[in-house]
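Quick notes on the structure that follows.
Please treat every number below as a calculation from the coordinates, not as lab data. Computed from a predicted structure; not experimentally measured. Glycine gets a Cβ as well: all are built from the backbone with ideal geometry, and neighbour counts include every protein chain shown.
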Amino acid sequence: MSTFGPEYVRAIAPYQAGKPIAEVAREFGLDEASIVKLASNENPFGVPESSKAAMAKAASELGRYPDANGFELKAALSARYDVPADWITLGNGSNDILEIAAHAFVQKGEAVVYAQYSFAVYALATQGVGGRAIVVPAVNYGHDLAAMAAAIDADTRLVYVANPNNPTGTFIGADEIEAFLQKVPANVIVVLDEAYNEYLAPEHQFESASWVRKYPNLVVSRTFSKAYGLAGLRVGFAIAQPEVTDLMNRIRQPFNVNSLAQAAAIAALNDKAFLAKGAENNAAGYQQLVAAFEELGLEYVPSFGNFVLVRVGSDDGAGARVNLALLKQGVIVRPVAAYGLPQWLRISIGLPQENATFVEALKKALA
Ligand SMILES: *Cc1c(COP(=O)(O)O)cnc(C)c1O
């Protein structure tokens, strides 16, 4: 029994990542090549060719530290989102942005508001600074923004909003988000986590970056891990007004985004064809999965991301049981009991063949 460190650190439940392919191959005596991983909302097309070429070029400079200020990547993001470069904070994945926000804006004992069934890192970031979590019950597995605004108390410094949300896939439209922003007190930071934004259909897209001009307490968080296919490199970014950006940059490690990641992200940002291909595959794969769930009579939460949450049974052992049956067949998905959803599994949308392999394995697992 350790007595090192503060109580609030000892109380943290470690993040449970998706099982790596090599680990499942070892544990279940399977051939790695036969394993389908639909567990971590990764891009099934992998790294864009444009990013691979950019990394090959950047590799010869790895003896030097990366550009601490990320000049070129910020310039590219600045042009893309029509904000000044000094409104951008780069992160080692957007996970880093979520952590930086907690460290920059929340002291021990102050409160952070986020939704039930929202991204696990909000709890971790809050606990890591000794913050007090105010977890607002979800409605239909999504954020109840009116209740979240009402939950903000005098000690609240930060609110996390995931849109679309992970692991449930729910989405909140522009009007509702803006009504929420108008209700939040000016001294409370809102981190709008849009990790899956690029997967939204055009009619759901809105320029959240432009809201940053209007709301000095808004931090828009984005990532290259999902639609851009660069999860292993760890690069994300935030857009916020200069006062907030300046504070986040003081907390940020100077070299938090490595040289290869910066080069790859610039290339990916300009690779419109890669994003389009991914969005198209995702839309088709979503239909493929939900058609199977409907055929099997399984409840699912309509999703706006690159994954679907599906209820695989009506007892609290169901998620773990079906997950194990899938693993034995070489299919890795994500159990979400740690989110308080023990009857559900989260399935990342893969290539058509991967989705089909999953569906066949699911049928056997349920039989
Ligand atoms: C995946 C994810 C992130 C973080 O991903 P990074 O790889 O750290 O950029 C952030 N928020 C949500 C909701 C996610 O699902």
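Tabulated data
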read-out: FRET efficiency estimate (nearest 0.05) - Cβ-Cβ, residue 353 to residue 205, R0 30 angstrom; value: 0.55
read-out: Ellipticity estimate at 222 nm from DSSP helix runs (n ≥ 4, -39,500 (n - 2.57)) divided over the chain, nearest 500; value: -12000 deg cm²/dmol
read-out: Relative contact order %, the chain, counting alpha carbon pairs below 8 Å whose residues are six or more apart; value: 24
read-out: Local electrostatic count, residue 324, Cβ distance below 15 Å [Lys/Arg +1, Asp/Glu -1]; value: +1
read-out: Alpha carbon centroid spacing (whole Å) that separates the range 255-299 from the range 207-245; value: 18
read-out: C-alpha center-to-center spacing [the range 74-120, the range 318-334] in angstrom; value: 33
read-out: Whole-number D in µm² s⁻¹ for the range 60-269, Kirkwood Cα-pair radius fed into Stokes-Einstein, 37 °C, 0.692 mPa s; value: 192
read-out: Proximal lysines relative to residue 363, as straight alpha-carbon distance under 26 Å, when same-chain residues fewer than 8 apart are discounted; value: 19, 37, 328
read-out: Anisotropy class of the range 1-151 from Cα gyration tensor, a/c 1.5 cut; value: oblate
read-out: Per-pair calculated FRET efficiency, R0 = 30 Å: residue 133 and residue 246 via Cβ, rounded to 0.05; value: 0.65
read-out: C-alpha center-to-center spacing [the range 125-181, the range 37-64] in angstrom; value: 32
read-out: Distance in nm between pseudo-label sites at residue 62 and residue 328 (7 Å out along the Cβ direction from Cα); value: 4.1
read-out: Nearest-0.05 FRET efficiency for residue 291 and residue 52, computed from C-beta distance (R0 35 Å); value: 0.55
read-out: In the range 158-211, the GluC sites (Glu not before Pro) that fall in loop regions by DSSP, at most 12 other Cβ within 10 Å; value: 207
read-out: Virtual spin-label span in nm between residue 154 and residue 80, 7 Å along Cα→Cβ; value: 4.3
read-out: Spin-label model distance (nm) - residue 360 vs residue 71, 7 Å beyond Cα toward Cβ; value: 5.4
read-out: Full-extension gain in nm, residue 9 to residue 253, via 0.36 nm per residue minus C-alpha separation; value: 85.8 nm
read-out: Burial ordering of 307, 274, fewest other beta-carbon atoms within 10 Å first; value: 274, 307
read-out: Relative contact order (%) - criterion: Cα under 8 Å, at least six apart; region: the range 75-129; value: 30
read-out: Dmax and Rg, reported as Rg then Dmax, of the chain (C-alpha, Å); value: 20.4, 57
read-out: Eligible aspartates and glutamates near residue 52 by straight Cα distance, threshold 14 Å, same-chain separation 8 or greater; value: 271
read-out: Backbone N within the range 143-167 under 16 Å of label point (7 Å from residue 174 Cα along the Cβ vector); value: 164
read-out: Interchain or long-range residues, amide H under 5 Å from residue 332's placed H; value: 36, 37, 38
read-out: Residues 105, 206, 293 arranged by fewest to most Cβ contacts within 10 Å; value: 206, 293, 105
read-out: Net length gained if the chain between residue 27 and residue 103 were fully extended (0.36 nm per residue, minus Cα distance); value: 23.6 nm
read-out: Low-density loop cleavage sites - trypsin sites (Lys or Arg not before Pro) in the range 24-76, where at most 16 other Cβ are within 10 Å (DSSP); value: 64
